[in-house]
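Visitor: Can you read through this structure? Questions will come right after.
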Amino acid sequence: MSNSSSLAQPIKLRSGSTLINRVCKSAMNETIATGEGRVVREFEVLYRAWAEGGSGLLVTGNVMVDKRHANEPLAVAVEDKRDLLLLRLWANAAKSQGGQIWAQLNHPGKQSPKFLNEQPLAPSAVPLASDMFIPPRELTECEILDIIERFATTASILQEAGFDGVQLHGAHGYLISQFLSPNHNKREDQWGGSLESRMRFVVTIYKTIREKLGNEFGVGIKLNSSDFQKGGFTQEESMEVCKALDELGIDLIEISGGSWENPVNRRGDQKESTKKREAYFLEFAEQLKQNVEAPIMVTGGFRSQKAMEEAIDSGAVDIIGLARPLVVDPELPNKMFSSKGNSSSVKPISTGIKKIDDMAIMEISWYSDQIRRISEGKRPKTKVRGIFSVINVLYNFWKRGQTVKRVRA
Ligand SMILES: Cc1cc2nc3c(=O)[nH]c(=O)nc-3n(C[C@H](O)[C@H](O)[C@H](O)COP(=O)(O)O)c2cc1C
């Protein structure tokens, strides 16, 4: 296998370990855990397939730090050691080809749908503009400290299970991003107000994990370049948060954007310049590169090997994050390491009916359905129509005996 592609070059992280190449499978909720968020054997099969595809880093779908608060059904929750053995099997499979596995840690805050959560929590009692979510209750200081501790506890269990690192989910409108956004964080105590106070939550999580797990465990963050919302978290603020975490020694900064209310992370900003270079957040990454030492990863929109290599060669990006392309073709990284001119065949998932196509559930279901297939040892079935995936995913929820637990705080 010729390794002339810049994507095949290794990169050393600040915590001391080396990633064997520049391709990362970005986080995708696998939607295959049990209704209680328990780990199952299929994670081993799924991550072995991705490992054999060649990615140097596999970031898991978001793992909940509190099982009472999930962003989606069938997401993993790790609060204690009851699934340690299954987590070990998962980590070993993911590392079987020399790559690393990091778990993405998340608390959804108010972005926890009402069929899962009757009382979501948030920095402030600001509701989301959707009937899908019950208006949140404001977190007490004691609850904030508990959540911070939970992030560190989950990280330490995953470290014990053999995971190489964790990624804090600071993007897409979940709790960390709610704290960062002046639209969602109206607190007047030490957790709200100035940017320094709004970022205290994520900075304290980072420090608590480091204190507990030391400097040799990978810790990264997925952060929005901005919320793309009026009055929300801006690019300038995102830059400041990155600088603060960089000074503290963070290993990897992954740039994404948007939220449930504005899902630019899967659509891009639709600008012509963005379409040309494929990746949605490259301009921000270029500016960020001038300001931080930590390796930068950009996820969202990369489809052709050419655009990925150009992004690495330009020096603006250190690691390419891929999500949907690795569902359609888990082998894509190996293909890119051994030949030129590869491209992902990812296409928009369409029914032809605009109203349905605009619903995030269609696309997410289509990919979830393919991920489930891979986890059952099958090939992705890319010709299946979106509407059938929604039916399949709903059937899968039912089949897994999804007991939807409502939470009363
Ligand atoms: C099925 C599915 C599940 C996803 N789950 C997560 C997740 O758990 N955490 C996260 O940060 N992003 C998640 N994403 C977003 C992806 O990580 C990524 O940012 C987005 O798909 C854009 O990258 P792409 O163009 O390479 O697909 C998910 C995307 C899809 C399609």
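The values are calculated or read from the model by the stated rules, or taken from the named source; none is laboratory data. Here the structure is a predicted model, which is why all the values come from computation and not from measurement. Note: ideal-geometry Cβ built from the backbone for every residue, glycine included; neighbour counts use all protein chains shown.
Visitor: Could you tell me how many of the residues in segment 184-236 are among the hydrophobic types (A, V, I, L, M, F, W, C) and over 16 Å from residue 250 (Cβ atoms)? Walk me through it before giving the result.
Guide: Initial filter on segment 184-236 (among the hydrophobic types (A, V, I, L, M, F, W, C)): 191, 195, 199, 201-203, 205, 209, 213, 217, 219, 221, 223, 228, 233.
With the extra rule that they be over 16 Å from residue 250 (Cβ atoms), the set shrinks to 191, 195, 228, 233.
Total satisfying the criteria: 4.
Visitor: Same structure again: Does residue 212 satisfy being modelled with pLDDT of 95 or more, in contact with a helix residue (DSSP H, G or I) (Cβ under 7 Å, 6 or more places away or on another chain), basic (Lys, Arg) and within 27 Å of residue 103 (Cα to Cα)? Show your work before the answer.
Guide: Details: modelled with pLDDT of 95 or more: yes; in contact with a helix residue (DSSP H, G or I) (Cβ under 7 Å, 6 or more places away or on another chain): yes; basic (Lys, Arg): yes; within 27 Å of residue 103 (Cα to Cα): yes.
So residue 212 fits the description; yes.
Visitor: Right, residue 51: closer than 26 Å to residue 335 by Cα, assigned to a helix (DSSP H, G or I) and under 20 Å from the mean Cα position of the chain (by Cα) or not?
Guide: yes
Visitor: Hey, another quick one. Is there a residue being aliphatic (A, V, I, L, M), away from the ligand (no atom under 16 Å from the Cβ), touching a strand residue (DSSP E or B) at 6+ places or on another chain (Cβ under 6 Å) and part of a helix (DSSP H, G or I) anywhere in segment 209-231?
Guide: Taking segment 209-231 and keeping what is aliphatic (A, V, I, L, M), we get 209, 213, 219, 221, 223.
Now narrow it down to the ones that are away from the ligand (no atom under 16 Å from the Cβ): 209, 213.
Still in the running and touching a strand residue (DSSP E or B) at 6+ places or on another chain (Cβ under 6 Å): 209.
Applying the additional criterion that residues be part of a helix (DSSP H, G or I) yields 209.
Checking segment 209-231: at least one residue is aliphatic (A, V, I, L, M), away from the ligand (no atom under 16 Å from the Cβ), touching a strand residue (DSSP E or B) at 6+ places or on another chain (Cβ under 6 Å) and part of a helix (DSSP H, G or I).
Visitor: Just give me the residues in segment 1-48 being more than 19 Å from residue 60 (Cβ to Cβ) and outside any loop (DSSP other than H, G, I, E, B), in sequence order.
Guide: Result: 6, 7, 8, 11, 12, 18.
Visitor: What do you reckon, is residue 98 outside any helix (DSSP H, G or I), away from the ligand (no atom under 16 Å from the Cβ), within 22 Å of the chain's Cα centre (by Cα) and in contact (Cβ under 8 Å) with a residue 60 or more places away in the chain?
Guide: Details: outside any helix (DSSP H, G or I): yes; away from the ligand (no atom under 16 Å from the Cβ): yes; within 22 Å of the chain's Cα centre (by Cα): yes; in contact (Cβ under 8 Å) with a residue 60 or more places away in the chain: yes.
Criteria met by residue 98.
Visitor: In segment 51-60, which residues are within 12 Å of the ligand (Cβ to nearest atom) and surrounded by fewer than 24 Cβ atoms within 10 Å (Cβ to Cβ)?
Guide: none
Visitor: Could you please give the count of residues in segment 236-257 that are part of a strand (DSSP E or B) and modelled with pLDDT under 95? Talk me through it step by step, then tell me what you get.
Guide: Within segment 236-257, the first condition is being part of a strand (DSSP E or B), and the residues that meet it are 252-256.
With modelled with pLDDT under 95 added as a condition, the list becomes 256.
The qualifying residues number 1.
Visitor: In this structure, is residue 26 under 26 Å from residue 251 (Cα atoms) and either modelled with pLDDT under 95 or over 19 Å from the mean Cα position of the chain (by Cα) (or both)? Full working, then the answer.
Guide: Numbers: under 26 Å from residue 251 (Cα atoms): yes; either modelled with pLDDT under 95 or over 19 Å from the mean Cα position of the chain (by Cα) (or both): no.
So residue 26 fails the test.
Visitor: Being more than 16 Å from the ligand (Cβ to nearest atom), charged (D, E, K, R) and at pLDDT below 95, is that true of even one residue in segment 30-50? Outline the logic, then answer.
Guide: Let us first name the residues in segment 30-50 that are more than 16 Å from the ligand (Cβ to nearest atom), namely 34-36, 38, 40-41, 44-45, 48.
From the residues that got through so far, the ones that are charged (D, E, K, R) too are 36, 38, 41, 44, 48.
Filter again for at pLDDT below 95, leaving 36.
Yes, segment 30-50 contains a residue that is more than 16 Å from the ligand (Cβ to nearest atom), charged (D, E, K, R) and at pLDDT below 95.
Visitor: Tally up the residues in segment 159-187 that are more than 16 Å from the ligand (Cβ to nearest atom) and assigned to a helix (DSSP H, G or I), please.
Guide: Taking segment 159-187 as the starting set, the residues that turn out to be more than 16 Å from the ligand (Cβ to nearest atom) are 159-162, 164, 179, 181-187.
From what's left, assigned to a helix (DSSP H, G or I): 159-161, 179.
Matching residues across segment 159-187 total 4.
Visitor: Every residue in segment 69-95 that is away from the ligand (no atom under 16 Å from the Cβ) and closer than 30 Å to residue 134 by Cα, please. Steps first, please.
Guide: First, pick out the residues of segment 69-95 that are away from the ligand (no atom under 16 Å from the Cβ): 79-89, 91-93, 95.
Hits for segment 69-95 are 79, 80.
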